[in-house]
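Working notes, structure below.
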Amino acid sequence: MVTGAAASWGTWSLFLRPSGLPGSVSTPLIFLLMGLFALPVALRSPAARFGPRAHRLLWANALADALNVLTFFSAMEHTTVAIAVLTHYAAPVLVAVSAPWIDRERNPAALAAAALALAGLTLLLEPWRGGGALGLGAALGLISAVCYAANVFIVRRLAAEIGVARAISYHSLLAAVLLAPLLALGPLGA
């Protein structure tokens, strides 16, 4: 499921751009649908304990994922798909660099690989050309990457507490509620 979700980021433009919906509208709707589609599986899952830690993780997951998807979809409104996707794909770099501090997992090559990946991203984006497509769109893509990276660490802990199906369904429904006020707004940053 994680691999499928990660691989699908580049295909969102196939659905979102033709719809003409801004990220502030498409994001809450997508979370609502994800939450509802996963709900039957979540309700049939074995019982889970919802202690204070599970509640905190669930809210953190909902907030980080809401910001992740909202900023990614909004990035596609303000720049090219390539820039939105490439900047979002800084997330694995952030996970690799953060893992030693968050999960106590050390990989001696992580910092060198992260530096190489970010240098490659910089070469692809060519910020020295001063193109207008970078600005807000690239910043939104990078914010999305930070939120996605945070979710990698949050979801691992949340799924262990309440199960994968509940984590997907419940955090999606919470994210839809958190983002519902945006339905009345236009594009983010417009």
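For the range 48-66, does any single residue satisfy the condition of being under 29 Å from Ile162 (Cβ atoms), modelled with pLDDT under 85 and open to solvent by 40 Å² or more (accessible area, probe 1.4 Å)?
Yes.
Got a number for residues in the range 158-179 being in a helix (DSSP H, G or I) and farther than 15 Å from Leu63 by Cα?
Of the range 158-179, the ones in a helix (DSSP H, G or I) are 158-162, 164-179.
Within this subset, residues satisfying the condition of being farther than 15 Å from Leu63 by Cα are 159-162, 164-166.
Counting residues in the range 158-179 that are in a helix (DSSP H, G or I) and farther than 15 Å from Leu63 by Cα gives 7.
Filter the range 134-159 down to the residues that are more than 15 Å from the chain's Cα centre (by Cα), open to solvent by 40 Å² or more (accessible area, probe 1.4 Å) and farther than 17 Å from Ala99 by Cβ and list them by number.
Gly135, Leu136
The values are calculated or read from the model by the stated rules, or taken from the named source; none is laboratory data. Only a predicted model underlies this, so the values are computations on that prediction, with no experimental measurement involved. Ideal geometry is used to build each Cβ from the backbone, glycine not excepted, and the neighbour counts take in all protein chains shown. Ligands, DNA and RNA are excluded from the accessible area calculation, which covers all protein heavy atoms including side chains. Shrake-Rupley method; radii C 1.70, N 1.55, O 1.52, S 1.80 Å.
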